[in-house]
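In what follows, a structure is listed as structure tokens, so that the remarks can point back to it.
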Amino acid sequence: MKTNNKKIHSIQVAVIGGVVVALILIVSTLLMGQAARKGTQDAVRSVSLLYLDELAGRREQVVADNLRGRVTDMQTALEMMTEDDLSDMAHLQAYQSKMKRLFTLQKFAFIDENGLIYTSVGTQTGIGAYGLITAR
């Protein structure tokens, strides 16, 4: 009977040990899964932020390049202006129409110191509606 009791006791210890090992494996697997999920979420967040920063930087570069191109266009348009283009309103309007076509502009106007706007189709007032910053 001693042998039988020893066997039963050994089996009980083995079963309890197996259950403890199984519980340790299950708990560690769950903890590792949570840690892996958190690590993955952090990595995705970091990559997303990096991508958005890069995208914003590229968009900023595109806008800056476009603006530089438009400034260059305006400088070229002003360099092309002759005294004859300023001789009267008809010549000024013809010049403005030509510059709009040449540089594919929607608007091309001059503004005098009193806020009068000279366009290719005539003059306008109401410079305040444009929110322009003027140098004086």
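The values are calculated or read from the model by the stated rules, or taken from the named source; none is laboratory data. Everything numeric in this text was worked out from a predicted model, so none of it was measured. Positions of Cβ are generated from backbone atoms using ideal geometry, with glycine treated the same way; all protein chains shown enter the neighbour counts.
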Worksheet entry | Unique match (being among the aromatic types (Phe, Trp, Tyr) and either at positive phi or at pLDDT below 85 (or both)) among Tyr130, Tyr95 | Tyr130
Fill in: Condition met for Leu67 (out of contact with any Ser or Thr (no Cβ under 9 Å at 6 or more places or on another chain) and within 30 Å of Lys98 (Cβ to Cβ))
yes
Item to complete: Count, please, the residues in region 77-129 that happen to be part of a loop (DSSP other than H, G, I, E, B) and either under 21 Å from Asn66 (Cα atoms) or not charged (D, E, K, R) (or both).
Response: 17
